[in-house]
Amino acid sequence: MKILVINSGSSSIKYQCFDMTTQAVLATGLVERIGEPAGRLIHRPAGKPQVERNNAIPTHRDGLAQVAALLLDPVEGIIESPNEINAVGHRVVHGGERFSAPTVIDDAVRETIRDLAPLAPLHNPPNLVGIEVAGELFPDAIQVAVFDTAFHQTMPPEAYRYAIPAALYDEHKIRSYGFHGTSHQYVTEVAARHLGKPLADTNVITVHLGNGCSITAVRGGQSVDTSMGFSPLAGLIMGTRSGDIDPAVVFFLHDKLGMAVGEIDRLLNKQSGLLGLTGDNDLRDIQRRHEAGDEAATLALAMYAYRVRKYIGAYFAVLGRVDAVVFTAGVGQNSALVRRLVCDGLDGLGIYFDAARNEARNGDDVREIHADGSPVRVLVIATDEELEIARQTVSVIRG
Ligand code: ADP
């Protein structure tokens, strides 16, 4: 059983092809800067040299056609015919309230994803293009949508509703949806296995810290609250997004500084967060500056960790009992400093943090960084959203 996973974004396409009999990765790759004068394609077939092409890639259709040609190439390829791909799993950002599980894509599903585009104007349209083009290039493959929002559909209304006039929810579905669901779900399942507990009895707080950041309270294997909301702008401080902010700041920017709504949108989504605080959005650069005594970098790190810590405290209160706090994604997996700033001194919550274990690196997919006897475990787990999409794709086509 071969599954192709496609993540079709606004100007890029990421892909991974798996042999699900062994869960082996057959190829991975990335098409970047679609529609710009200088596009780029990187194709990494397992056991063969990487292919890199630098040329204009005008549309997503062109990009995916090049990917399909590479997958089928007699030298660089990994399949001999398009019908070797049994199914294509698509990452779809917004499933609204309509989708709480992976779904086989038919005309009605495609229509619903299109109807949900106002909720995710930058994401659902390119996701749909990926679905359409993959359907043409792999006509015999079953197309499956795996939604970023689906895992959070188990949140109760007291967590997902906003205290604004009820008609805005009833008529326009303005509520919190949450994102990064595939990652939170994947690390939750890995944590449950590691703890040797049934999923239905596993309570964890999953902390996904990448370019985008979110934190989820998981009770009995199900999401019951999460920090991103109506859009991915809410919650934690991120690379370029502000996270939580008093909405009155928006009125002030408009009324007193004369900023248009589009400018404020860009300000909060693309020019804020770590970038806005320091001029750098990559945490590695900020750590280096902090170590060199840069005060802005030190403050940004303190703010970033403080926000995570505050949410951990809130989610302890939400869950009552917590088996583990799980760190994942680029920063969560790699920054011992951020994990220490977040976890140090939380003994009162039953988190006995072990600074030496936190620093020690080994290649394990699951690392324990709590002290022996800690009532709450602290785990570092490598996320794998593509593998999770492939697994969910297999599970849905097997019914
Ligand atoms: P995305 O949200 O795009 O999937 P990732 O999960 O790959 O992002 O996380 C990207 C971020 O991880 C980078 O911006 C960088 O700040 C951080 N990161 C990656 N490696 C390290 C490292 N060794 N130490 C600290 N931060 C790191």
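The values are calculated or read from the model by the stated rules, or taken from the named source; none is laboratory data. Please read all numbers here as calculations on a predicted model, not as lab measurements. Neighbour counts are summed over all protein chains in view; Cβ atoms, including those assigned to glycine, are modelled from backbone coordinates with ideal geometry. Just the protein is used for accessible areas: all its heavy atoms, side chains included, with ligands, DNA and RNA removed. Shrake-Rupley method; radii C 1.70, N 1.55, O 1.52, S 1.80 Å.
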Ranked highest first by average number of other Cβ atoms within 10 Å, how do 211-223, 42-54 line up?
211-223, 42-54
Okay, which of the stretch 220-254 sit inside 12 Å, backbone N to the point 7 Å along the Cα-Cβ direction of Thr154?
220-225
Length gained, Tyr306-Asp201, 0.36 nm per residue minus C-alpha separation, equals 34.9 nm
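Could you size up the charge dipole of the chain around its Cα centre, putting +1 on the beta carbon of Lys and Arg and -1 on that of Asp and Glu, and report it in debye to the nearest 20? Before the final figure, lay out the partial values.
On the way: 37 positive and 48 negative charges, 100 e Å.
Dipole of the chain, to the nearest 20 debye: 480 debye.
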Mean Cβ-within-10 Å packing, highest first, puts peptides 134-146, 249-261 in the order 134-146, 249-261
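Under Stokes-Einstein, with the Kirkwood radius over Cα pairs standing in for Rh, what whole-number D in µm²/s applies to the stretch 1-109 at 25 °C and 0.890 mPa s?
Details: Rh = 14.8 Å.
In µm²/s, the coefficient rounds to 165.
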Over the chain, what percent of the accessible surface lies on carbon and sulfur atoms, probe 1.4 Å?
52 percent
Give the lysines reachable from Lys2 as a straight Cα distance under 18 Å; neighbours fewer than 8 places away on the same chain don't count.
Lys14
When the chain is fully extended, how far beyond the present Cα-Cα distance does Ala166 get from Leu257, taking 0.36 nm per residue of separation?
29.7 nm
Going by average Cβ neighbours within 10 Å, how do the peptides 267-273, 195-201 rank, with the highest at the top?
267-273, 195-201
Rounded to the nearest 0.05, what FRET efficiency do Arg193 and Glu359 have when you use their Cβ-Cβ distance and R0 = 41 Å?
0.95
Distance in Å, no decimals, from the C-alpha centre of the stretch 265-301 to the one of the stretch 181-196 is 30 Å
Computed curve, the chain, Cα-only Debye sum without solvent term, log₁₀ I(q)/I(0) at 0.09 Å⁻¹, is -0.57
Here the gain from full extension of Arg33 to Lys48, 0.36 nm per residue of separation minus their alpha-carbon distance, amounts to 2.9 nm
For the chain, set up a GNM with springs between Cα atoms under 10 Å and report which of Ala297, Ala38, Ala191 has the largest fluctuation.
Ala38
